[in-house]
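S.K.: Here it is, the structure, as structure tokens.
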Amino acid sequence: MITSTPGAGHIYPLVSIAKALADAGNDLLWATASDSCALVERHGFTATPAGVNASERMDEFLATTSDYLELTPRARRPVIFGGLFGRVAAPRMRDDLIGIFERFRPQLVVNDLAELGVAPVATARGVPHVTVAFSGLLPSLVLERAAAEVAGVWAAEGQTVPADLGLVDHLYLHPFPAGLGAAPQGQRVRSIRPLHFDGGPPDVGPDWISRVGIERPAVYVTFGTELGARAPWRAMLEPLGELDIDVIATTGPRFDQSTLSPTPPNVQLESYVPQHLFLDRVAIVVSHAGAGTMLAAAARGIPQLCIPIAADQFDNADALTSAGAGITLEPDNCDPSAVSGALARLLGEQAFPDAARALADQFEALAHPGALVPTIERLATA
């Protein structure tokens, strides 16, 4: 069984390992919220609804977390991780998984790092579980807050919540090379090449994609599918429009692009385009340092300008900047002058592409998901 919270950022990291397990002849059932079942099925898996949909989850979290918006963006992660994925989502997921376990009777569970409802259910039934991380090591404050939020879910299964949330009970797959910071400690941790940056099913893109980055450098700007409304678009598009470059900017489906009109003539503004269609021809990536985009660019050796907004994005940006492969701008200090200066350095200083290329070599050395299938299967048969 595969279990995940809803949303592409949590589903895509699991696709490569799920495909490898399916190709090895294993029967798979993917349990996720109903609003993500169609996405799972487009990748060729059987999906069953379980847990709470993303919009409902956020509404309940905000309604029950009065102090969240009073915190600085960097201080919010423990509150949102524990509250959103623990207090709100985990009990509902646990309730739904009980019946699914009875019907499907899994011998093994592979779960997204933020899907906190399955570990107590699997532990109580003696089913081993494999955690697939989508970014770096969870900070201790995040673990402590989340453990308090899910203690009742574990107690309902007759268990005591572990300090590590049970994430490393059997096998933990870590997607960062050493150059991006420490991994969880222990013999049950394995590094894995994050292949969710390959984008999923093949797509035929618009005609303009074939011209990107051919006659002049290209810069890709994205804040994912969820955070477009919170991105400092004006601060970015003004300096980008002054450069002799191609710019691809994807705003996400919920952003009103008319608010940016008129856009500079060198900017191709889209709601969404699969990034794997053009990422290999991009010189710089500008993003919120969401794990999917950050890892996709880092694995290809592309320098990055990171403007984190929420969740693990600050940690991702810090890791990349520490590796010398990018520059981080705090969202409160992101104005056209700061963006222009950062872009000038990324495009003009050779140290950034050199460090990015060295990081890409580390990604290439990580184990392919298929190489870990025998280890995972041994857990199930044991």
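The values are calculated or read from the model by the stated rules, or taken from the named source; none is laboratory data. Since we're looking at a predicted model, the values are computed, not measured. Cβ atoms come from the backbone with ideal geometry, glycine included; neighbour counts cover every protein chain shown.
S.K.: If A90 passes every condition in (1) at pLDDT below 95; (2) crowded, with 19+ Cβ neighbours inside 10 Å but one, which one does it miss?
M.R.: (1)
S.K.: Oh, and also: Looking at Q159, Q185 in this structure, which one is out of contact with any Phe, Trp or Tyr (no Cβ under 6 Å at 6 or more places or on another chain) and modelled with pLDDT of 90 or more?
M.R.: After applying the criteria, what remains is Q159.
S.K.: Taking the options A119, A156, A182, name whichever one is crowded, with 24+ Cβ neighbours inside 10 Å and either aliphatic (A, V, I, L, M) or in contact (Cβ under 8 Å) with a residue 12 or more places away in the chain (or both).
M.R.: A119
S.K.: If you scan region 159-179, which residues turn out to be within 19 Å of the chain's Cα centre (by Cα) and surrounded by fewer than 16 Cβ atoms within 10 Å (Cβ to Cβ)?
M.R.: Correct list: A178 only.
S.K.: Please specify each residue of region 36-72 satisfying the condition of being buried (at least 17 other Cβ atoms within 10 Å of the Cβ), assigned to a helix (DSSP H, G or I) and within 19 Å of the chain's Cα centre (by Cα).
M.R.: Residues satisfying the conditions are S36, C37, L39, V40, A54, R57.
S.K.: Let me ask something else about it. Quick one: how many residues across region 95-109 are within 15 Å of T48 (Cβ to Cβ) and touching a helix residue (DSSP H, G or I) at 6+ places or on another chain (Cβ under 7 Å)?
M.R.: Matching residues across region 95-109 total 4.
S.K.: Another question, if that's okay. Quick check on this structure: which one of L347, L372, L343 is in contact with a strand residue (DSSP E or B) (Cβ under 9 Å, 6 or more places away or on another chain), under 30 Å from V109 (Cα atoms) and surrounded by 15 or more Cβ atoms within 10 Å (Cβ to Cβ)?
M.R.: From the options L347, L372, L343, the qualifying one is L372.
S.K.: Here's a follow-up. Check whether at least one residue in region 17-28 is farther than 23 Å from Y172 by Cβ and either assigned by TED's automatic domain parsing to the domain that holds V142 or in contact (Cβ under 8 Å) with a residue 40 or more places away in the chain (or both), and report yes or no.
M.R.: yes
S.K.: Here's another thing I want to ask about it. Evaluate the following for M1: is it over 30 Å from I307 (Cα atoms), at pLDDT 95 or above, out of contact with any Phe, Trp or Tyr (no Cβ under 8 Å at 6 or more places or on another chain) and buried (at least 19 other Cβ atoms within 10 Å of the Cβ)?
M.R.: No: the conditions fail for M1.
S.K.: Let me ask something additional. Return the only residue of I248, I307, I327 being more than 15 Å from the chain's Cα centre (by Cα), in the same structural domain as R357 (by TED's automatic domain parsing) and touching a residue at least 40 places away in the same chain (Cβ under 8 Å).
M.R.: Of I248, I307, I327, the one residue that is more than 15 Å from the chain's Cα centre (by Cα), in the same structural domain as R357 (by TED's automatic domain parsing) and touching a residue at least 40 places away in the same chain (Cβ under 8 Å) is I307.
S.K.: Give the residue that is nearest to L260 (Cα to Cα), with candidates limited to residues of region 224-243 that are part of a loop (DSSP other than H, G, I, E, B), at pLDDT below 80 and of a type outside the set (A, V, I, L, M).
M.R.: P232
S.K.: When you look at R42, is it touching a residue at least 40 places away in the same chain (Cβ under 8 Å), of a type in the set (D, E, K, R), touching a helix residue (DSSP H, G or I) at 6+ places or on another chain (Cβ under 8 Å) and assigned by TED's automatic domain parsing to the domain that holds I376, yes or no?
M.R.: no
S.K.: Could you identify the single residue in T5, T72 that is of a type in the set (V, I, T) and either out of contact with any Lys or Arg (no Cβ under 9 Å at 6 or more places or on another chain) or over 26 Å from T293 (Cα atoms) (or both)?
M.R.: None of the other options fit; the residue is T72.
S.K.: Among the residues of region 107-118, is there at least one that is outside the structural domain of H288 (by TED's automatic domain parsing), among the acidic types (D, E), at pLDDT 95 or above and assigned to a helix (DSSP H, G or I)?
M.R.: No; the residues of region 107-118 include none that is outside the structural domain of H288 (by TED's automatic domain parsing), among the acidic types (D, E), at pLDDT 95 or above and assigned to a helix (DSSP H, G or I).
S.K.: Every residue in region 303-326 that is surrounded by fewer than 24 Cβ atoms within 10 Å (Cβ to Cβ) and β-branched (V, I, T), please.
M.R.: I309, T321 - these are the residues of region 303-326 that are surrounded by fewer than 24 Cβ atoms within 10 Å (Cβ to Cβ) and β-branched (V, I, T).
S.K.: Return yes or no: is V267 closer than 24 Å to P73 by Cβ, at pLDDT 80 or above and buried (at least 17 other Cβ atoms within 10 Å of the Cβ)?
M.R.: no
S.K.: Tell me yes or no: at least one residue of region 311-320 is under 13 Å from the mean Cα position of the chain (by Cα), among the charged types (D, E, K, R) and outside the structural domain of V79 (by TED's automatic domain parsing).
M.R.: Among the residues of region 311-320, at least one is under 13 Å from the mean Cα position of the chain (by Cα), among the charged types (D, E, K, R) and outside the structural domain of V79 (by TED's automatic domain parsing), which makes the answer yes.
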